[in-house]
1. Given 37 °C and 0.692 mPa s, how large is the Stokes-Einstein diffusion coefficient of segment 146-196 in µm²/s, with Rh as the Kirkwood radius over Cα pairs?
2. Label 7 Å along Cα→Cβ of Ala193; segment 119-137 residues with amide nitrogen under 16 Å?
3. Tell me, what % of the accessible area of the chain is carbon and sulfur with a 1.4 angstrom probe?
4. Please work out the Cα center distance from segment 117-196 to segment 1-24, rounded to the nearest Å.
5. Run the dipole for segment 113-196 about the Cα centre, Lys and Arg Cβ at +1, Asp and Glu Cβ at -1, nothing else charged, and hand back the magnitude in debye, nearest 20.
6. Over segment 52-98, with the other protein chains present, what is the accessible area per residue in square angstrom, probe 1.4 angstrom?
7. Calculate the FRET efficiency for Ala102 and Glu39 from the Cβ-Cβ distance with a Förster distance of 22 Å, rounded to the nearest 0.05.
8. Using the reciprocal of the averaged 1/r over all distinct C-alpha pairs, how large is the Kirkwood radius of segment 34-155 in Å?
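The values are calculated or read from the model by the stated rules, or taken from the named source; none is laboratory data. Computed from a prediction, not measured in an experiment: that's the story for all the values here. Heads up, the Cβs are rebuilt from the backbone with ideal geometry, glycines too, and the neighbour counts pull from every protein chain shown. All accessible areas refer to the heavy atoms of the entire protein, side chains included, with ligands and DNA or RNA removed. Shrake-Rupley method; radii C 1.70, N 1.55, O 1.52, S 1.80 Å.
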Amino acid sequence: MPWFPIDAAEPTTLSTEATGLPLRLPAAAAGQIDSLPAEGLPPTPEGALAQLVILNENGTRGGDPAQYQRSYSTLSAPGGPGVETTGIYTLLAKFRESAGLANEANPPGLSVTYEVTHGLIKGTVDQGRYVVACVLGQMAFAYQGRTIVLGVGDCQALRRTGEVWRISPGPVPAYASNTWPGSADCVRAGYQAVIR
């Protein structure tokens, strides 16, 4: 993926350029929206992307790196890359450290949310059973009256194992481009809007 300077992740004007057709995300089976791995997602690239959305939106809730690590580990197949290889885990840990909250699980007044708005299917192999998918969304950190909102991306390799998608063993995909969702840089990175 293209590299962008850090300020590309900050709020900016939305682009009027066409981004291609939106990616329609399938829904997990009833009662599975918070489950890892989610059952009922189809064996399609969009199914893999939907699983990555569930991981990142649920794993980042509250901004605790340990929670994200648990979610990531639950979704990973044996031998999958460690959580420390992910940009989202690193971002959560750095935020906590810079705010002096590295050892506090649920500090009062802290709110961290992540909403995926865009996705990208980088590629598929093995008859569609292996997918490299990327998500991009807005991550908001609010603490002690200050709020920071950034465009944050994540790419993972997912493999269909039985009836579910899991983080796959093997090489770690290149880091996702962190751009403001819907910006000109977002379009240049190849992201497409997602529909749920």
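1. 248
2. Flagged as within label range: 119-120, 136-137.
3. 54
4. With segment 117-196 and segment 1-24 each reduced to a Cα centre, they are spaced 12 Å.
5. The calculated dipole for segment 113-196 is roughly 100 debye.
6. 39
7. 0.05
8. Evaluated on segment 34-155, it is 15.1 Å.
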